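K.L.:
Sharing a structure below in structure tokens format, with a few things to ask.
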Amino acid sequence: MNCNQKIVLVGVFTILLIVILIFSYFIFRSPWKFREDRPIKILVLNSFDSQYFWVEEQVDAFFEVFQNENIPVEYQIIDLGFVGLETTIKESKIQTVLSFINDYNPDLIYSIGEDSQIYFGKIFEDSDTPWVFSWIVNPEKYVGAKNVAGVSPVLPLSKYYESWIDLFPGLKNVVVIYEDTEEARKIIEMVKSVKAEESLGFIFSNISFISTFEEFKFKVLESQNADLIVVSYLESLKNDSGDFVPRLEVVEWLISHSNVPEYSQEKALIKDGLLFSFNPSAYGQGKVAGDVAFNILVNGQSPLEIGMIIPEFGERSINLKRARMLGLDIPSSILINSEVYENFSWEGR
């Protein structure tokens, strides 16, 4: 092979290599990574009718992720507030929001709460617009689409149990009184299948599903030998006339008639007067959602690959007045790392 032939051969291989590199670049580069020379546009769909504190905390934490990395972002927030709306008004509002989304053309949609997923998530499922969610009751229903990723609203089960042991190291006997809902039965099925309590030394001596206020009263009075009573939301109990009993009325009765510490995952009940809760924090939900969005838009990670993230950290809420009423001395090491309430919200009504 003479010198000219070698030069030609080298040239051919060089051109071929360049073609392969260019081809590989377009084939293997992430379609999710934001590459335009402008601020990233993000639309926040808030399921609630206003930006409550738990919404504000999530939004602040979400965008803090981008701020900390000096990534320029602009955003719009839409408060949906569908609860209680007539069907025609709701349908009109859905069309208005869809029109806004099409005009705004966001680079990513961040949805908070269930309604944003129910009414808009399916419309954008498997689209080219990345979609990140948080604060959703049944998140497993929404993952699996190519553009969807999000944050679980629950911690690993052991984290909740450890929060009980922190307050009650000698915990042995736990009673569960849940309103009879599909969600509640699903939670109990998970509890029974995981059996995480066995390694921590306590048992669920009784698990009840109830629908009426009278059933609730009976179960509470029946459980006065327990170390802990676990309740759900206390929003759907009915009286003898079939009407819903106001939550505060239920809480007031419970506090006045029971000497057993209470736990609920519903933080509002602790403000009302029950003893304590332990949950993923709103800030933590927003922070993890922000990390997910950052990994999609900046690092080019696939939403489908990310799926649903389970947070590792939670926050405890304690009603100190209820603790004193029960004769409990809560260690300062626990109080300093908890959100503390010192009154019952139903007092002074």
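The values are calculated or read from the model by the stated rules, or taken from the named source; none is laboratory data. Quantities reported herein were computed from a predicted structural model and do not represent experimental measurements. Cβ placement follows ideal geometry from the backbone for every residue including glycine, while neighbour counts extend to all protein chains displayed.
K.L.:
Within region 146-162, restricting attention to residues that are within 18 Å of the chain's Cα centre (by Cα) and either within 18 Å of Ser338 (Cβ to Cβ) or among the acidic types (Asp, Glu) (or both), which residue is modelled with the lowest pLDDT?
P.N.:
Checked region 146-162; the qualifying residue modelled with the lowest pLDDT is Leu155.
K.L.:
Restricting to region 11-50, and then to whatever is polar (S, T, N, Q) and within 24 Å of Ile296 (Cβ to Cβ), can you tell me which residue is modelled with the lowest pLDDT?
P.N.:
My answer is Ser24.
K.L.:
Continuing with the same structure: State which residue pairs qualify: first residue within 21 Å of Ile101 (Cα to Cα) and inside region 46-67, second residue in a loop (DSSP other than H, G, I, E, B) and at pLDDT 90 or above in any location, beta carbons under 8 Å apart, and separation of 6 or more residues or different chains.
P.N.:
The qualifying pairs are Asn46/Leu80; Ser47/Leu80; Phe48/Leu80; Asp49/Leu80.
K.L.:
Sort through Glu215, Glu189, Glu179, Glu197 and tell me the only one that's without any contact (Cβ under 8 Å) to a residue 24 or more places away in the chain and surrounded by 15 or more Cβ atoms within 10 Å (Cβ to Cβ).
P.N.:
Glu215
K.L.:
Let me ask something additional. If I filter region 73-93 for residues that are within 21 Å of Asn299 (Cβ to Cβ), modelled with pLDDT of 85 or more, in contact with a strand residue (DSSP E or B) (Cβ under 7 Å, 6 or more places away or on another chain) and surrounded by 14 or more Cβ atoms within 10 Å (Cβ to Cβ), do I get at least one hit?
P.N.:
yes
K.L.:
Just the residues that are farther than 21 Å from Gln51 by Cβ and either in contact with a Pro (Cβ under 7 Å, 6 or more places away or on another chain) or not assigned by TED's automatic domain parsing to the domain that holds Phe63 (or both), please, taken from region 87-113.
P.N.:
Result: no residue meets the conditions.
K.L.:
Right, here's the next one. Yes or no: region 225-238 includes at least one residue that is over 17 Å from Phe62 (Cα atoms) and part of a helix (DSSP H, G or I).
P.N.:
No, because not a single residue in region 225-238 is over 17 Å from Phe62 (Cα atoms) and part of a helix (DSSP H, G or I).
K.L.:
Quick check on my filter: what residues within region 201-236 are farther than 21 Å from Glu189 by Cβ and in contact with a strand residue (DSSP E or B) (Cβ under 6 Å, 6 or more places away or on another chain)?
P.N.:
Passing the criteria: Thr212, Phe216, Ser223, Ala226, Asp227.
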